[in-house]
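Trainee: Before we start, here is the structure in question, set down as C-alpha cells.
The values are calculated or read from the model by the stated rules, or taken from the named source; none is laboratory data. Because the structure is predicted, anything quoted here is derived from the model rather than measured. With ideal geometry, Cβ positions are generated from the backbone for all residues, glycine too; neighbour counts draw on all protein chains shown.
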Amino acid sequence: MQVSRDFSHYVRAAGEGLQHIDLAVEGVHCAGCMAKIERGLSAIPDVTLARVNLTDRRVALEWKEGTLDPARFIDRLEELGYKAYPYETASAEATEVAESRFLLRCLGVAAFATMNVMMLSIPVWSGNVSDMLPEQRDFFHWLSALIALPAAAYAGQPFFRSAWRALAAKTTNMDVPISIGVTLALGMSVVETINHAEHAYFDAAIMLLTFLLVGRVLDQNMRRRTRAVAGNLAALKAETATKFVGPDEISQVPVAAINPGDIVLLRPGERCAVDGTVIEGRSEIDQSLITGETLYVTADRGTPVYAGSMNISGTLRVRVSAASEATLLAEITRLLDNALEARSRYRRLADRASRLYAPVVHATAFLTVLGWVLAGAGWHDAIVTGVAVLIITCPCALGLAIPTVQTVASGAMFKSGVLLNAGDAIERLAEADHIIFDKTGTLTLPDLDVVNAAAIPAEILGLAGQLALSSHHPVAAAVAQAARAKSPIVGAVEEAGQGVRACVDGVEIRLGRPSFCGAEELVRGGADLDPEASVVAFSRGAEKIVFTVRQALRPDAVTVIAALKPRNVGLEILSGDREPAVKAAANALGIPEWRAGVTPADKIARIEELKRRGTRVLMVGDGMNDAPSLAAAHVSMSPISAAHLSQATADLVFLGKPLAPVVTAVDYARKALHLMRQNLWLAIGYNILAVPIAISGIVTPLIAAAAMSGSSILVMLNALRARSTSRGITSWKS
Amino acid sequence: MEVLIILVPLALGLGLAGLVAFLWSLKSGQYDDLDGAAWRAIADDDPPQETQSDLAQVKR
C-alpha cells in the first residue's frame, strides 16, 4: 500500500501564482536557528519566502504554485533538526492578534497626545505663577483640547466599550469609573476653557488613558504569546489519520480533513484521532486516556473506538462516525456544559473591588458638591471641585493594580512551563486548598516505562532495545526507549501478535510474548507481584529475561506531593482505574485519601460535596473522563499530553514530564494574589491621601498629574515582584 | 510671542510625523515578531560556509 502525506488542507493561495503555508516549528530558540532555517528553506528552488517568527515559533513559507509539495518543507526541517507541522490559525488567536494591534494603535495615539498636551501644559503651569497672559493660556488650553479630545475619543475606545458592555449587563467593572472620570474631566475642561478659567485637566485625562493602555497592551501581549505557544503545541501533536482514498490506497491527512463516513486505518502503536466503529480487524486497544482504565479492551468488528484510544496489537479499519452521536462524548459534553456554566459565575477580584469602589467615589464627589454649596460656595465652584475629586480618584492605580501583577506572574509561569488558559486562573488557583489528582496520565506518565530496567544487564537491555525498534507495539517502544536504542537490527522479522525475532552472531534472539520466547516459567513467578504491569520476554538462545512494563509515576511525583503537604492543601486521588493500581500509586506517594473505579459523574459529585463544605478544589487531570470534573472544580490543571477536550477545559496547562509545575504554579499564584491585594491597598491608600486635598478644592492640574503618575508607577514597580516567589522556586525549575 | 505661530505648528507637526511613523510601522507588521527583530539586527548577512554547505545538502 502506498502512503502519501496530504497537507493541501493547510495550503492557501497568496496571490500572483504563489502558495502560502504556516508551519509551527519546535525547538527554535535563537538567532542561529532562525538563520539556519531561513537559509535551509530558501535554498529549495522556487521558494519565494521563508521567514521565521521567533516570538510565535513559526515559519511562513511561500512558493510558486504547483512546483512543490508542502511535505518537502517538513522533511527539510527535519534534516535541519527541527520538528515541524502545518499550523492553522484558530479564529480565537486571530482575534487576539487583531485586538493586540488595536490596543497598540490606541497606545500610540494616546502617547502622542500625552506628550504634546504636556508640552503645552508645562508652560501653563509655570506661567500661572509668572507672567503668562490670559490670552496665551486660553490659546494653549484650546490647542490642548484640539489634541486631547479626538485622541481620547479614539484611544479610550477599549475602556468605553467595556464599560458600556458592563452597564448593558447591569453590572460594573473598573472601566465604568475610568470612563466616567475621563469623560467628566474632558467635559469640565472644555467648559472651563470657554470660561477663560485658570485650570484645565486635558493633560490628566489623556495621561490616565496612556498609563492604563500600557497595562492593557502588556497584558494582551502575554495572552497572545501564551495562545500562540498553545496553538503550536496542538499543531505539533500532528493529529493525522491514515485515510483510505481508494480500495488499496491510503493517504496521511490531517484530522480536520476527515469527514464522517470515511474509512481510516489504525495500525499498532497508533493513537486513534477520530471517533468511529471498527469494520475490520481485531486488536487490543488502550482506552486509558478516555476512561482512566489501564486494562486493555479487545476490539473487533462493531466495537466503537474513541479519539484518544491507543491501538496495541492488530491493525484495524475504522469507519468514522459523527462525533456528536457518540454516546460517551455526548454524555461528557452534557456534564461539561453544566459545570462550565456554574463556574462563569465567579467574580474576579478586580470586579469585586470596582463594585465597592465606584459607588464610594461617586458618592464622595456628590457629597463634595453638596458640601461646598451648603458652605456658601457658588454652584460653578462646587461642581468644579466635585469633578476634581472624580479626576483625582479616577482609578488609574486601581486599574493597573491587578492586570500588571497578572501579566508579570503569567510571564513567570510561562517561563517555568505553565500556560494559562483562563484570565482569572491565577486568582482562583491561589485560593485552592484541596487538590484532587487523577492517576492515569497525571500522576503517572502517559507513556509506558520498563520498571526493572536497572536490574537487567546493560548489554542485554541494549540488544533487546535494538530489536524492539523493529516492532510497532507500544510495549516494545517502551523497551527501545529504556535502552536508548538508536539503530535497529538488520533482518529483524515481526510476527504479528507474537513478537520480533532476529539472528545475531548465529544466535537467535526474540522479543515478545513470553510464550513466543519460551519464558512462561519466569512470568508465572513474577507477574503477580505487579498486577497492572505488562510483561514482555526476551530470549537469546537459552538465556531468558522478563521485562516488566507499566506506566511509571512522573519522575518527581513523590517530591512534589511531599512539597505540597506543607503548603496547607488537602490531597486526594480520584481515578477511573482499578483499585489495586490506584492503591499502589497512593501508597507510593503517601496520599491517604483515594478512590478507585470512579465515573465522571462520581468525580463531579465528590467535587460538589467538597464545595458544599467550603473547600476550593484544584483538579489536576488529563483524561477525557476528567473533562467535566475539570470544569466543575474551582480551578483546574492539565498536562500537555491530555485529551483535547480536557486541555480546552483546563484553566492551566503544564508542559513536560515533571509534575513540579503544579507546585510552581500554586506558589506563583499565591504570591500574585498577595501582591494584587497589596496593590489594591496601595491604590486605596493613595486615594485616602489625595481625596481630602481634592475635597478641600486646592487641587491643581499639576497636583493631579503628579499624584496620578506617582501612584501608577508605584503600583507597577510593586507588581514586578511577582516574578519571583519567596519559597525558593528555583529548585523546582530543574 | 509671534514666534509661537511658527513653533506650535512645528512642534505638533513633528509629533504627528512621529505618530504617523509609528502607525505605519505597526501596519507593516514590524511589531509582530519582537524577539526575532532583536536578533536580526545583529545577525550576519552572509556567513559563506554555512550557506554553501546548506546548498550542497539540498542539491544532493
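Trainee: Limited to the range A:2-33, what total is found for residues that are within 13 Å of chain B (Cβ to nearest Cβ) and modelled with pLDDT under 85?
Mentor: Going through the range A:2-33 one residue at a time, the tally reaches 6.
Trainee: Here are some residues: A:A672, A:A650, A:A660. Which one is surrounded by 23 or more Cβ atoms within 10 Å (Cβ to Cβ), at pLDDT below 85 and of a type in the set (A, V, I, L, M)?
Mentor: A:A650
Trainee: To continue, here is another question. When the residues of the range A:144-195 are filtered to those that are of a type in the set (S, T, Y) and surrounded by fewer than 19 Cβ atoms within 10 Å (Cβ to Cβ), which remaining residue is farthest from A:C106 (Cα to Cα)?
Mentor: Here the answer is A:T171.
Trainee: Here's something else I'd like to know. Of the residues that make up the range A:538-556, is at least one buried (at least 20 other Cβ atoms within 10 Å of the Cβ) and in a helix (DSSP H, G or I)?
Mentor: No: the range A:538-556 contains no residue that is buried (at least 20 other Cβ atoms within 10 Å of the Cβ) and in a helix (DSSP H, G or I).
Trainee: Quick one: in the range A:34-49, of everything that is surrounded by fewer than 20 Cβ atoms within 10 Å (Cβ to Cβ) and among the β-branched types (V, I, T), which residue is nearest to the other protein chains (Cβ to nearest Cβ)?
Mentor: Restricting to residues being surrounded by fewer than 20 Cβ atoms within 10 Å (Cβ to Cβ) and among the β-branched types (V, I, T), the top hit is A:I44.
Trainee: Quick one: how many residues across the range A:638-685 are of a type in the set (A, V, I, L, M, F, W, C) and closer than 12 Å to A:I426 by Cβ?
Mentor: Total satisfying the criteria: 8.
Trainee: Identify the single condition in (1) facing another protein chain (nearest Cβ under 9 Å); (2) surrounded by fewer than 19 Cβ atoms within 10 Å (Cβ to Cβ) that A:V52 does not satisfy, given that it satisfies every other one.
Mentor: The number of the failed condition is (2).
Trainee: Of these, A:F73, A:F102, which one is over 27 Å from B:K27 (Cβ atoms), in a helix (DSSP H, G or I), within 13 Å of chain B (Cβ to nearest Cβ) and of a type in the set (F, W, Y)?
Mentor: Matching residue, one of A:F73, A:F102: A:F73.
Trainee: Kindly check whether there is at least one residue in the range A:126-134 that is among the small types (G, A, S) and either at positive phi or more than 13 Å from every other protein chain (Cβ to nearest Cβ) (or both).
Mentor: yes
Trainee: Here is a follow-up. Residues of the range A:106-124 being more than 9 Å from chain B (Cβ to nearest Cβ) and surrounded by 18 or more Cβ atoms within 10 Å (Cβ to Cβ), which ones?
Mentor: A:C106, A:L107, A:A110, A:T114, A:V117, A:S121, A:V124
Trainee: I would also like to ask the following. Of everything in the range B:1-43 that's more than 8 Å from every other protein chain (Cβ to nearest Cβ) and charged (D, E, K, R), which residue is farthest from A:R57 (Cα to Cα)?
Mentor: Step by step, filter the range B:1-43, then rank; the result is B:E2.
Trainee: Let me ask you something else. From A:R223, A:R227, A:R216, which residue is surrounded by fewer than 19 Cβ atoms within 10 Å (Cβ to Cβ) and assigned to a helix (DSSP H, G or I)?
Mentor: A:R223
Trainee: Taking the range A:557-595 as the search range and keeping residues that are among the charged types (D, E, K, R) and touching an Asp or Glu at 6+ places or on another chain (Cβ under 9 Å), which one is farthest from A:I435 (Cα to Cα)?
Mentor: Taking the candidates together, the pick is A:R578.
Trainee: Test A:T67 against the stated conditions and say whether it is more than 30 Å from B:A43 (Cα to Cα) and either among the polar types (S, T, N, Q) or part of a helix (DSSP H, G or I) (or both).
Mentor: Yes: the conditions hold for A:T67.
Trainee: Which of the numbered conditions does A:N116 fail, given that it passes all the others? Conditions: (1) of a type in the set (S, T, N, Q); (2) in contact with an Asp or Glu (Cβ under 9 Å, 6 or more places away or on another chain); (3) within 26 Å of B:A11 (Cβ to Cβ).
Mentor: (2)
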